[in-house]
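Heads up, the thing below is written out as structure tokens.
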Amino acid sequence: MSTSSSTYSTASDSDFSQSSSSSVVTVSSTKTAILLCYFDPTTSKRQYFSIPEKILYYAAKNATSSTMFQKLLQTCKYFFIVNPVVFVPLLMCCSGSWDACNYGGKVWFQFKDSQTLNFKVWIQHQFLNFNGNVSRIFPWIYKSDAKFIQFGPYMPCMTFDEFMCIAGNAEELTMFSPSVKYSNGEIVLLEDIIKNLPKLKSLHLTCTSDESNVTKRTASKLMEIQHFKQMSHITLNSIPETLDIGTMFDFIMVSFK
């Protein structure tokens with residue numbers, strides 16, 4: 001098998017400051033809270049791979065597992081150069097600012113509108129948005145494995161594509177209606193949201209306006225979704241009278257007795 005060379009070296013422990021086992025990137029904040037992403041090319045050394053570089057490039061650009069990609073980033077700086085991704089356990093917006101945090105909620109860095117970032121983030125665990133505009137942060141999101149998703153009542157509506165990118169792997173979802181719309185402005189119905197979240201186990205939904213994603217057909221449509229019947233927790237607040245309460249009550253009596 002042919003060999004190919006690169007000017008990127010295996011990363012040493014000193015190259016990691018995000019965590020002891022995450023990516024080849026040093027992140028720090030200035031007094032103006034502007035994010036600085038640092039990569040030192042002077043520590044790179046020529047490395048000879050035993051497989052063609054095209055294969056390595058494909059692996060870097062098509063990572064499907066955050067665990068696997070983190071290991072690739074630790075083995076060689078080449079992978080971060082090809083696909084600069086920072087792993088973030090928690091991405092949240094509580095007071096208008098978007099914060100990247102560790103598992104304990106400690107802020108690592110903030111996103112600013114004036115920034116030009118040379119990397120994207122891979123959300124690993126949780127996404128919380130109480131009043132932020134998802135469209136503002138969306139260009140910086142590479143992928144999301146977040147299992148716990150919360151959308152607050154004061155956030156602007158997001159598009160269905162934005163919603164699926166962030167919540168596609170959700171197991172627990174808290175949201176207010178209507179908060180998701182198609183690109184043409186049409187509200188995404190509750191049954192369509194549930195249908196596209198096959199891993200969902202817990203749902204907390206509150207309707208906050210007359211413009212709801214619940215219709216007369218919602219209950220019957222939900223009954224057609226197999227994984228909805230297997231959910232462990234469902235909370236529906238301020239639901240409009242259009243919901244077929246009889247169908248939902250029969251379902252609850254059978255599934256949660």
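The values are calculated or read from the model by the stated rules, or taken from the named source; none is laboratory data. In this text, all values refer to a predicted model and were calculated from it rather than measured experimentally. Heads up, the Cβs are rebuilt from the backbone with ideal geometry, glycines too, and the neighbour counts pull from every protein chain shown.
What pairs can you find where one residue is in region 185-209 and of a type in the set (Asp, Glu), the other is in a helix (DSSP H, G or I), and their Cβ atoms are less than 8 Å apart, with a gap of 6+ or different chains?
Glu191/Thr218; Glu191/Lys221; Glu191/Leu222
Please go through region 228-242 and give me each residue that is out of contact with any Leu (no Cβ under 6 Å at 6 or more places or on another chain) and closer than 20 Å to Asn196 by Cβ, ordered by number.
Within region 228-242, Lys229, Gln230, Met231, Ser232, His233, Thr235 qualify.
Determine whether region 175-183 contains at least one residue that is in a loop (DSSP other than H, G, I, E, B), modelled with pLDDT of 95 or more and surrounded by fewer than 21 Cβ atoms within 10 Å (Cβ to Cβ).
No, because not a single residue in region 175-183 is in a loop (DSSP other than H, G, I, E, B), modelled with pLDDT of 95 or more and surrounded by fewer than 21 Cβ atoms within 10 Å (Cβ to Cβ).
To keep it simple, each residue is scored yes or no on (1) buried (at least 20 other Cβ atoms within 10 Å of the Cβ); (2) of a type in the set (A, V, I, L, M).
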{"site": "Thr67", "(1), (2)": "no, no"}
{"site": "Thr75", "(1), (2)": "no, no"}
{"site": "Tyr78", "(1), (2)": "yes, no"}
{"site": "Asn83", "(1), (2)": "no, no"}
{"site": "Phe87", "(1), (2)": "yes, no"}
{"site": "Leu91", "(1), (2)": "yes, yes"}
{"site": "Gly96", "(1), (2)": "no, no"}
{"site": "Tyr103", "(1), (2)": "no, no"}
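For region 195-208, which residues satisfy the criterion of being of a type in the set (A, V, I, L, M) and either touching a Ser or Thr at 6+ places or on another chain (Cβ under 7 Å) or farther than 11 Å from Ala167 by Cβ (or both)?
Leu203, Leu205
Kindly establish whether Ile193 is within 21 Å of Ser144 (Cα to Cα) and either at pLDDT 85 or above or in a strand (DSSP E or B) (or both).
yes
Exactly one condition in (1) assigned to a strand (DSSP E or B); (2) in contact with a His (Cβ under 7 Å, 6 or more places away or on another chain); (3) surrounded by fewer than 16 Cβ atoms within 10 Å (Cβ to Cβ) is not met by His204; state its number.
Here His204 clears every test but (2).
If I ask for residues that are in a loop (DSSP other than H, G, I, E, B) and either surrounded by 13 or more Cβ atoms within 10 Å (Cβ to Cβ) or modelled with pLDDT under 85 (or both), which ones from region 218-237 would you list?
Ile225, Met231
Name the one entry in Phe119, Phe138, Phe127 that is modelled with pLDDT of 90 or more, crowded, with 16+ Cβ neighbours inside 10 Å and of a type outside the set (A, V, I, L, M).
Exactly one residue qualifies, and that residue is Phe127.
Quickly run through region 239-254 and pick out the residues that are among the hydroxyl-bearing types (Ser, Thr, Tyr) and within 21 Å of Thr208 (Cβ to Cβ).
Thr242
Among the residues of region 49-57, is there at least one that is touching a helix residue (DSSP H, G or I) at 6+ places or on another chain (Cβ under 8 Å), modelled with pLDDT of 80 or more, surrounded by 16 or more Cβ atoms within 10 Å (Cβ to Cβ) and part of a helix (DSSP H, G or I)?
So far as region 49-57 goes, yes, one or more of its residues are touching a helix residue (DSSP H, G or I) at 6+ places or on another chain (Cβ under 8 Å), modelled with pLDDT of 80 or more, surrounded by 16 or more Cβ atoms within 10 Å (Cβ to Cβ) and part of a helix (DSSP H, G or I).
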